[in-house]
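Participant: Dropping the structure in here first, questions after.
The values are calculated or read from the model by the stated rules, or taken from the named source; none is laboratory data. Note that the structure is predicted; figures quoted are calculated from it, not measured. Because the Cβ atoms are built from the backbone with ideal geometry, glycine has one as well, and the counts that use them run over all protein chains shown.
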Amino acid sequence: MKKMLAGSVALVTGSGRGLGYAIAARLAELGADVAIHDISQEAPAEFGEFANLDDAAAKLARDGSRTVAVTGDIADEAAVGAMIQKIESELGPITILVNCAGGDIAARGGKPVPNDALGIPMEDVHAIFNRNLIGTMLVCRAVCPAMRQRGRGSVVNIASAAAHAGFSPGVVYSVAKAGIVQYTRCLALEMRPDGVRANVLSPGPTKTARFLVTRETDPEQMDESVSLMRYATPSEIADAVAFLAGPESRFVSGQVLRVDGGMNTYAA
């Protein structure tokens with residue numbers, strides 16, 4: 001396998017499990033040293049994927065990558081700063097940033113009830129914005145200035161198919177992800193003179209452990225052998241992130257890549 005990311009240091013937020021871990025593993029396969037992150041050591045165990053965050057990091061290390069595990073709330077600016085300091089002291093300057101942490105999760109866990117435009121509790125509005133848009137912004141603010149100084153770096157912010165159309169339920173999640181899309185466009189414009197790229201990847205429904213446990217799935221869309229009328233696999237999303245993070249997309253910035261098997265074919 002071509003190690004096209006050799007010499008890179010990647011931070012993938014929300015990577016103790018699920019889609020984030022698949023992304024981290026793919027970047028490690030391509031030669032990057034990888035920092036994985038979750039809100040706590042115990043979070044990766046919620047859906048049975050790993051015993052804890054250190055266990056997830058150990059699996060990456062067994063595959064040959066230098067790794068470090070960091071915990072913290074990405075909506076807490078001080079916690080983000082401490083995480084970045086630890087990563088860079090152990091692995092070196094971050095050259096790839098993937099903001100994958102997020103989710104349509106209420107302040108007290110689970111889905112907001114109700115989860116619509118007019119009735120969602122305001123504490124859940126704040127929680128979802130913090131978990132998605134504010135957290136993404138704070139991590140970018142902590143990492144990107146040093147990328148600009150070095151004249152090198154790639155940012156991939158994970159949005160969602162929900163960012164590009166009206167959705168209900170999941171209204172505030174949809175708005176937060178749309179905010180990530182627009183923030184990334186603005187960030188890309190600002191960093192263009194410094195040679196640092198920023199792009200958005202918007203996945204469609206993807207078969208992560210959390211997705212399978214928390215949703216009623218369509219059996220026909222579980223079959224990976226039948227057309228594109230199905231759910232994505234985490235590895236398919238991870239491959240697209242690797243493209244945006246790596247040298248093969250070196251002149252791509254400020255763009256949105258929807259990875260949904262053609263589910264959404266409208267412009268925007």
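Participant: Residues D73, D116, D104: which one is crowded, with 18+ Cβ neighbours inside 10 Å and assigned to a loop (DSSP other than H, G, I, E, B)? Even if it seems obvious, please write down each step before you answer.
Facilitator: Working: D73 fails: crowded, with 18+ Cβ neighbours inside 10 Å; D116 fails: crowded, with 18+ Cβ neighbours inside 10 Å.
Result: D104 is the single residue among D73, D116, D104 that is crowded, with 18+ Cβ neighbours inside 10 Å and assigned to a loop (DSSP other than H, G, I, E, B).
Participant: Residues in the stretch 230-268 that are in contact with a helix residue (DSSP H, G or I) (Cβ under 8 Å, 6 or more places away or on another chain), aliphatic (A, V, I, L, M) and closer than 18 Å to D33 by Cα: how many?
Facilitator: 4
Participant: Within the group G64, G16, G7, G48, which residue is part of a loop (DSSP other than H, G, I, E, B), of a type outside the set (A, V, I, L, M) and buried (at least 24 other Cβ atoms within 10 Å of the Cβ)? Even if it seems obvious, please write down each step before you answer.
Facilitator: Working: G64 fails: buried (at least 24 other Cβ atoms within 10 Å of the Cβ); G7 fails: buried (at least 24 other Cβ atoms within 10 Å of the Cβ); G48 fails: buried (at least 24 other Cβ atoms within 10 Å of the Cβ).
Residue meeting the stated conditions: G16.
Participant: Given the conditions (1) at pLDDT 95 or above; (2) farther than 22 Å from M83 by Cβ; (3) not in a helix (DSSP H, G or I), and given that V155 satisfies all but one, which numbered condition is not satisfied?
Facilitator: With respect to (1) at pLDDT 95 or above; (2) farther than 22 Å from M83 by Cβ; (3) not in a helix (DSSP H, G or I), V155 is out only on (2).
Participant: Tell me the residue from M191, M147 that is crowded, with 24+ Cβ neighbours inside 10 Å and over 17 Å from D104 (Cα atoms), please. Reasoning before the result, please.
Facilitator: Numbers: M191 fails: crowded, with 24+ Cβ neighbours inside 10 Å.
None of the others qualify; the one that does is M147.
Participant: If a residue has to be in contact with a strand residue (DSSP E or B) (Cβ under 8 Å, 6 or more places away or on another chain) and either modelled with pLDDT under 95 or in a loop (DSSP other than H, G, I, E, B) (or both) to count, how many in the stretch 235-255 make the cut?
Facilitator: The total comes to 6.
Residue-by-condition table, conditions (1) over 21 Å from I23 (Cα atoms); (2) of a type in the set (A, V, I, L, M, F, W, C); (3) modelled with pLDDT under 90; (4) in a helix (DSSP H, G or I):
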| position | (1), (2), (3), (4) |
| --- | --- |
| R148 | yes, no, no, yes |
| A163 | no, yes, no, yes |
| S168 | yes, no, no, no |
| A176 | yes, yes, no, yes |
| A188 | yes, yes, no, yes |
| A198 | no, yes, no, no |
| S202 | no, no, no, no |
| E216 | yes, no, yes, no |
| Q221 | yes, no, yes, yes |
